[in-house]
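Reading through the structure tokens given below for one structure.
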Amino acid sequence: MDSFPPTDADLTARVSNGDAEALEELYARYSQPVFGMSYSILRDYATAEDVTQEVFVALWTRADRFDPARGEFRHWFLHLAHNRIVDELRKRRRASLRSADKTPEDPSLGLVSQGDTADQAVTAVLFGAAAEALKLLPPEQREAVMMAYLQGATQREIAERTDVPLGTVKTRLRLGLIRLRRILAQPTSEEA
């Protein structure tokens, strides 16, 4: 009998067929990275826990949407998680903006603080390899990717904060993500 653990793709196929044990296995593998990403962006423990649970509920209902021919489960799932986290961040921002004591210029609208927090989030969420890959990006691309994927900033917000045209931000993000995919697709010394 094969002693290798099931792949993420195998588990996802089982989840799409209603296998709760497969979902538990994926939860064991990915709950910590999803929570880490949630907390690093939302900065609220209880909300990060709630969002993490919501992401796995979404996986339970959407597992059939994963296509292994289009890429790795890890990337697809963390993208799904990131989208849910950004939705929560935007919901919180809208609520803050409706509040009389907050203004759109207020820097405390749920953004991650600058400094080492973003680097720690990258390391915790993207399993170290992506953190190393991010270091290989040109600084402008790295900044755009980190602002978008760790701080939940929109392309327009990145353009405003960095004082560059929106088209430039879009190009930096696109090129940065392409370069990250290429770097991460290369076999590591352990795999070779």
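Just so it is clear, none of the values below were taken in a lab; they were calculated from the coordinates. All of these numbers come straight from a predicted model, not from anything done at the bench. So basically every Cβ, Gly included, is an ideal-geometry build from the backbone, and we count neighbours across all protein chains shown.
Compute the signed sum of charges (Lys and Arg +1, Asp and Glu -1) over the other residues within less than 11 Å, Cβ to Cβ, of residue 68. Walk me through the numbers on the way to the answer.
Numbers: positive: 70; negative: 8, 10, 67, 72.
Residues near residue 68 contribute -3 overall.
Where Lys and Arg each count +1 and Asp and Glu each count -1, what net charge lies around residue 39 among other residues with Cβ under 12 Å from its Cβ?
After counting each charged neighbour, the total is -3.
Please compute the modelled spin-label separation between residue 57 and residue 178, points set 7 Å along Cα→Cβ, answer in nm with one decimal.
3.9
On full extension of the chain, what length is gained from residue 70 through residue 163, given 0.36 nm per residue of separation minus the C-alpha to C-alpha distance?
Full-extension gain reported as 30.0 nm.
Work through the residues other than residue 169 whose Cβ is under 11 Å from its Cβ and net out their charges, Lys, Arg +1 and Asp, Glu -1.
Working: positive: 156, 161, 170, 172, 174; negative: 140, 143, 157, 160, 163.
Here the charged neighbours net out to 0.
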